[in-house]
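These notes concern the structure reproduced below.
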Amino acid sequence: MTQPPTNSHDSSPDPSSLASAAAQAGDWQTALWALREVLAADPHHLEARYRLGWVLGSLGQVEEAIQAFRQVLQADPHHLNANYNLGALRLQQAQLVDPEAEWVSAAVVESLQEAQQCFERVMQLSPDDQRAYAFLTIVRQALRRYQQASPAPSHP
């Protein structure tokens with residue numbers, strides 16, 4: 001196993017506790033190291049995998065964060081926070097492209113569709129979640145804009 005970054009808080013805490021303390025302090029590199037240690041010891045530790053996604057997202061490592069959240073959802077499709085955060089990251093990716101652009105990337109539409117599925121699942125799990133409802137509304141509006149901007153496929 002590798003050693004923690006030199007700015008670790010304590011020389012003896014277990015990696016899970018260290019990850020929590022480091023994340024609360026905004027020490028993302030130490031949290032990342034500690035979560036990877038937890039997952040090296042137990043690759044099926046679902047909460048550590050979720051927290052890894054959250055830390056990766058906080059570090060701007062969006063693709064890796066998305067992968068971690070997808071892994072959580074493969075094991076537990078009803079993980080509320082993994083659905084929420086995956087939806088938010090996929091919406092963020094889609095928003096980086098101008099809906100008025102002359103072309104609409106299939107990847108953008110796929111991002112929006114995955115975000116929609118995630119926020120719909122959050123609404124099923126927590127019907128009173130106003131943030132998820134607001135994001136779901138934004139995703140649906142964006143999908144409508146992209147569908148209106150895309151030329152209909154021609155059929156010979």
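Quick note: the coordinates plus some simple rules give every number you see, no bench work behind them. On a predicted model such as this, the values are computed, not experimentally measured, just so you know. FYI the Cβ positions are ideal-geometry reconstructions off the backbone, even for glycines, and counts take in every protein chain you see.
Things to note:
- In sequence order, calculated HN-Hα J values of the range 83-90 (Karplus, 6.51, -1.76, 1.60; Hz; x Gly/Pro): 4, 4, 6, 5, x, 5, 5, 5
- A Förster radius of 22 Å, combined with the Cβ-Cβ distance separating Glu64 from Ser126, puts the computed FRET efficiency at roughly 0.25.
- Spin-label proximity, Ser105 to the range 68-84 - amide N less than 20 Å from point 7 Å beyond Cα toward beta carbon: 68-70
- Peptide ranges 43-50, 31-38, 65-72 listed from the most packed, as the mean C-beta count within 10 angstrom indicates: 31-38, 65-72, 43-50
- Rounded FRET efficiency, nearest 0.05, which uses the C-beta distance separating Gln148 from Ala75 and R0 of 25 Å: 0.10
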